[in-house]
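First the structure, in the form of structure tokens, and then the observations on it.
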Amino acid sequence: MSEIKAIIVDDEQHCIDALQTMLQKKCPEVTVLGGVNSVKEAKELITELQPDVVFLDVEMPHQNGFELLKMFDKITFDVIFTTAYEQYALKAIKFNALDYLLKPFSVKELQDAIQKCIVRRNSNANNGQLETTTSPLEVFLQNMKTLHQTHKKIALPTINGLVFMPVQNIVRCESTGNYTRIFFTDKKNLMVSRPLKEFEELLTDVDFFRVHNSHLINLQQMQSYIQGEGGFALMSDGTQVEISRRRKADFLKKAMQF
């Protein structure tokens, strides 16, 4: 696929102009079909022009970029999020292996995002069909629809691709260098190519707690607390996870909420 048709959605016109100029000068494989400042205009333009990729601002007045995506029953275009805010949404975007550009971004970062888009689209074309499995973007939108842990899924990146798992099925996460081993309620486990810190950032808001440098636990899966210098959390899979002495007070305060 030599040409990528793009639409830019951003409430600030100067951001649209700057990105369009950068694409024209540094990414000749991309043709910008148009730029709009609102979700309503974006929905109309996307429906009419059927772009390959949408550069989508996250934070916009009245309606944000995620609300635009929820308007489509099926998302047939790639999305590259653009944002100036390092908030929870950005953590979720990163964790689900979605493309994003953190403003202000460099030409190299833009070119890398475009290259990933090209590789993904070529892969789908070579397979003769669009992906039929749940995409990382669709899982991300599921995550953003509700704050209830029991309805959440996360995409777990492995050497073979992405595995989608309900959050409530995770018992605990254990650090293994730059990797993390995830233990599930069915007694299975999975090695994931992300450090424990990234899981902590994403899952702390959904009842997970970092009890030790090496351990992050799902408080919903904790059965009891065993007293000690730091103590131990007895988990639903029968394991006892050590709690560091310096994290004990914060842990007990959080655990008392359950």
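The values are calculated or read from the model by the stated rules, or taken from the named source; none is laboratory data. Remember, it's a predicted structure, so these values are computed and weren't measured experimentally. Every residue, glycine among them, receives a Cβ derived from its backbone with ideal geometry; neighbour counts consider all protein chains shown. For the accessible areas, the whole protein counts, side chains as well, though only heavy atoms, and no ligand, DNA or RNA atoms are used. Shrake-Rupley method; radii C 1.70, N 1.55, O 1.52, S 1.80 Å.
Miscellaneous remarks
- Other residues within the sphere of radius under 13 Å centred on the Cβ of Tyr179, judged by their own Cβ, net out at +1 (K and R +1, D and E -1).
- Across the accessible surface of the stretch 4-125, with the other protein chains kept in place and a 1.4 Å probe, carbon and sulfur atoms take up 50 percent.
- Stretchable slack from Glu41 to Glu200, in nm (0.36 nm times residue separation minus alpha-carbon distance): 53.5 nm
- Unit charges on C-beta of K, R, D, E only; dipole of the chain, Debye: 1040
- Low-density loop cleavage sites - chymotrypsin sites (Phe, Trp or Tyr not before Pro) in the stretch 26-118, where at most 11 other Cβ are within 10 Å (DSSP): Tyr85
- Sequence-separation-based contact order of the chain, relative, with Cα cut under 8 Å and 6+ spacing, percent: 10
- To the nearest ten degrees, helix 13-26 and the longest principal axis of the Cα atoms of the chain are 80 degrees apart.
- Working ranking of peptides 212-222, 232-242, 159-169 by packing, defined as the average number of other Cβ atoms within 10 Å per residue, highest first, is 212-222, 232-242, 159-169.
- Inter-label distance, nm, simple model (7 Å from Cα along the C-beta direction), Tyr179/Asp73: 4.3
- Ignoring the sites themselves, the chain has its longest run without trypsin sites (Lys or Arg not before Pro) in a DSSP loop having at most 11 other Cβ atoms within 10 Å at 75-186.
- Sites Gln240 and Phe164 - FRET efficiency at Förster radius 30 Å, r taken between beta-carbons, to 0.05: 0.55
- Shape category assigned to the stretch 1-71 from the gyration tensor of Cα positions, a/c cut at 1.5: oblate
- Computed over the stretch 153-256: relative contact order in percent, which uses C-alpha pairs under 8 Å that are six or more apart: 19
- Ratio of Rg to Rh over the stretch 4-125 (Cα coordinates, Kirkwood Rh, two decimals): 0.92
- Long-range amide H partners of Lys5 with built H, under 5 Å: Thr31, Asp52, Val53
- Ellipticity at 222 nm from helices only: DSSP H runs of n ≥ 4 in the chain, each -39500 (n - 2.57), divided by the residue count, give -10000 deg cm²/dmol.
- For Gln50 and Leu190, a Förster radius of 45 Å and the Cβ-Cβ distance give a FRET efficiency of 0.75, rounded to the nearest 0.05.
- Charging the Cβ of each Asp and Glu at -1 and of each Lys and Arg at +1, and nothing else, the dipole of the stretch 4-125 about its Cα centre rounds to 440 debye.
- Cβ-defined net charge surrounding Pro28, 14 Å radius [Lys, Arg +1; Asp, Glu -1]: +1
- The loop-placed GluC sites (Glu not before Pro) in the stretch 8-43, going by DSSP, that have at most 16 neighbouring Cβ atoms within 10 Å of their Cβ come out as Glu12, Glu29.
- The stretch 153-256: C-alpha gyration tensor shape, a/c 1.5 cut-off, then a/b vs b/c: prolate
- Descending semi-axes in Å of the chain, equivalent ellipsoid built from Cα gyration tensor: 40, 19, 16
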